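J.: Provided herewith is a single structure, encoded as C-alpha cells, for subsequent inquiry.
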Amino acid sequence: MTDVPDGYIRTSGPREHDSIVNGDGLRAVVWTQGCPNHCKGCQNPETWDYSIGQLEKIEDICKELATYPGQAGLTFCGGEPFVQPKACKQIADFVRKELGWNVWSFSGFTYEVIKEYGGEPWEFLKSLDAIIDGPFMLDKFDLSLRFRGSKNQRLIKLKYGTGEILSIE
Ligand code: SF4
C-alpha cells in the first residue's frame, strides 16, 4: 500500500473526460499511481512506482470532476486503484451522491482476492457498479474484448452497496 496521507490520492496523470474506452457511456477517468502486479506486457509500467506521480487533494479532484458535463460515470484506472482504496472510495462516493454518476474500476486483483482481503479494498469494491478484474496476461491477449485486454479478465457488474455479483462478461 502507498503511504498517502488522509485526504490525498497519488495519481499518475491528469483526469480524462468523454472517454468511451473505459466503460459504458461517456466517462471521466482517474488514473492512480502505484501497482504491485507488474504484469508482463503492461501498457503503463510508468504507473508501477509508488514514489512518483502527483500527490493530489481529493477535494480538488472532486471539484474538477464536477466541471465535466454529460458524463455517465467515472472509471478508476491504474496503476492499481485498490492500493488506495480509501481515497478512491471517497471520490466514488462524491461522484455518485453529488453528480449522479455510476462508478467502475479496473483492478489487477480478482474479485475473489479483494473479497477475501476485506477491509478498505472490499469497502471500495462495494461502492462500485462494475469492476474489470484480474491481471493482464500477454498470452491471453485478445483485441476483441470489451474494455479488457486479456481473456482472463472479467467485466463484473455489481450491486452497489453490497458487492454482490449481478453478471459476469
Ligand atoms: S495491474 Fe494493470 S497497471 Fe498493474 S501491471 Fe497489471 S496491467 Fe499494469
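The values are calculated or read from the model by the stated rules, or taken from the named source; none is laboratory data. Please read these numbers as outputs of a predicted model, since none were measured by experiment. Cβ coordinates were reconstructed from backbone atoms using ideal geometry, including for glycine residues, and neighbour counts include every protein chain displayed.
J.: Restricting to the range 88-104, what's the tally of residues that are within 16 Å of the ligand (Cβ to nearest atom) and in contact with a Gly (Cβ under 9 Å, 6 or more places away or on another chain)?
T.: Of the residues in that region, 1 qualify.
J.: Can you pull out the residues in the range 19-71 that are within 12 Å of the ligand (Cβ to nearest atom), out of contact with any strand residue (DSSP E or B) (no Cβ under 9 Å at 6 or more places or on another chain) and either outside any helix (DSSP H, G or I) or of a type in the set (Val, Ile, Thr) (or both)?
T.: 35, 36, 37, 38, 40, 42, 43, 48, 49
J.: Further, regarding this structure: Being crowded, with 18+ Cβ neighbours inside 10 Å and closer than 14 Å to residue 39 by Cβ is the requirement here; does residue 114 meet it?
T.: Spelling it out, it is not the case that residue 114 is crowded, with 18+ Cβ neighbours inside 10 Å and closer than 14 Å to residue 39 by Cβ.
J.: Please enumerate the residues belonging to the range 5-18 that are among the charged types (D, E, K, R) and in a loop (DSSP other than H, G, I, E, B).
T.: 6, 15 - these are the residues of the range 5-18 that are among the charged types (D, E, K, R) and in a loop (DSSP other than H, G, I, E, B).
J.: Which residue pairs have Cβ atoms under 6 Å apart, sit 6 or more places apart or on different chains, and have a first residue in the range 16-41 that is in contact (Cβ under 8 Å) with a residue 60 or more places away in the chain and a second that is surrounded by fewer than 16 Cβ atoms within 10 Å (Cβ to Cβ) and among the aliphatic types (A, V, I, L, M)?
T.: 40/138; 41/138
J.: Answer yes or no: is there a residue in the range 29-50 that is farther than 14 Å from residue 124 by Cβ, touching a Phe, Trp or Tyr at 6+ places or on another chain (Cβ under 9 Å) and among the aliphatic types (A, V, I, L, M).
T.: yes
Residue-by-condition table, conditions (1) at pLDDT below 95; (2) within 12 Å of the chain's Cα centre (by Cα); (3) surrounded by fewer than 24 Cβ atoms within 10 Å (Cβ to Cβ):
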residue: 51; (1), (2), (3): yes, no, yes
residue: 56; (1), (2), (3): no, no, yes
residue: 59; (1), (2), (3): no, no, yes
residue: 64; (1), (2), (3): no, no, yes
residue: 68; (1), (2), (3): no, no, yes
residue: 88; (1), (2), (3): no, yes, no
residue: 92; (1), (2), (3): no, yes, no
residue: 99; (1), (2), (3): no, no, yes
residue: 107; (1), (2), (3): no, yes, no
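J.: Residue 166 fails exactly one of the following numbered conditions: (1) crowded, with 16+ Cβ neighbours inside 10 Å; (2) in a strand (DSSP E or B); (3) of a type in the set (A, V, I, L, M). What is the number of that condition?
T.: (1)
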